[in-house]
1. Six or more apart or on different chains, Cβ atoms under 8 Å: show the pairs whose first residue is in segment 94-107 and in contact (Cβ under 8 Å) with a residue 24 or more places away in the chain and whose second is outside any helix (DSSP H, G or I) and of a type in the set (Ser, Thr, Tyr).
2. Cβ-Cβ distance below 9 Å, separation of 6 or more or different chains: which pairs start in segment 30-43 with a residue that is at positive phi and end on one that is of a type in the set (Gly, Ala, Ser)?
3. Could you give me the residue pairs with C-beta distances under 9 Å whose first residue belongs to segment 1-23 and is on the phi < 0 side of the Ramachandran plot and in a strand (DSSP E or B), whose second residue is aromatic (Phe, Trp, Tyr) and surrounded by 24 or more Cβ atoms within 10 Å (Cβ to Cβ) wherever it lies, and which are 6+ apart or on separate chains?
4. Give segment 59-79 a look and list any residue that's surrounded by 20 or more Cβ atoms within 10 Å (Cβ to Cβ) and under 25 Å from residue 129 (Cβ atoms), or say none.
5. Of all the residues that make up segment 80-114, how many are surrounded by 14 or more Cβ atoms within 10 Å (Cβ to Cβ), under 15 Å from residue 51 (Cα atoms) and not hydrophobic (A, V, I, L, M, F, W, C)?
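What follows is calculated from the coordinates using simple rules that are stated; it is not laboratory data. For clarity, every value in this text was computed on a predicted model and none was experimentally measured. All Cβ positions, glycine included, derive from the backbone under ideal geometry; neighbour counts span all protein chains shown.
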Amino acid sequence: MTYKLHTDGGARGNPGPAAAGIVLEASNGKVVKRFGHFLGHATNNEAEYRALILGLETALAEGARELECFLDSQLVVSQLNGLYKVKDARMREFWNKVKGLEKNFASISYIHVMRSKNAHADDLVNEVLDEKANEI
């Protein structure tokens, strides 16, 4: 049973207040988990990686062993698929964490999608950031 994971991370101000959006679906399309999470101060790229890490940890906790990951960050997908080098030391830490989590899956893939195809995860990011902005 292949699960589908949609993640998105974003920061307002880049760097600035950042959040993650995670949507995990079972192979039948049923949403298993859906949540947003405030990340604190981060860049957009950091938020993208941290969202994926949260998503991978969530998928493992739900028992997923085959996973397709959909992200709208072409940079992160290209780095994870080995098309781009990871030059930044901070991004390398996140990349290493993802690669470590990968080992818990029988199969995993990273697929770049346009933001419009990742809207449910993107909406969660904006909901969390809007809530935080209203608290100030």
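1. 107/2
2. Partner pairs satisfying both residue conditions: 40/18.
3. So the pair list comes out as 9/49.
4. If the condition is that a residue be surrounded by 20 or more Cβ atoms within 10 Å (Cβ to Cβ) and under 25 Å from residue 129 (Cβ atoms), then 59, 69, 70, 71, 72, 73, 76, 77, 79 are the ones that fit.
5. Of the residues in segment 80-114, 4 are surrounded by 14 or more Cβ atoms within 10 Å (Cβ to Cβ), under 15 Å from residue 51 (Cα atoms) and not hydrophobic (A, V, I, L, M, F, W, C).
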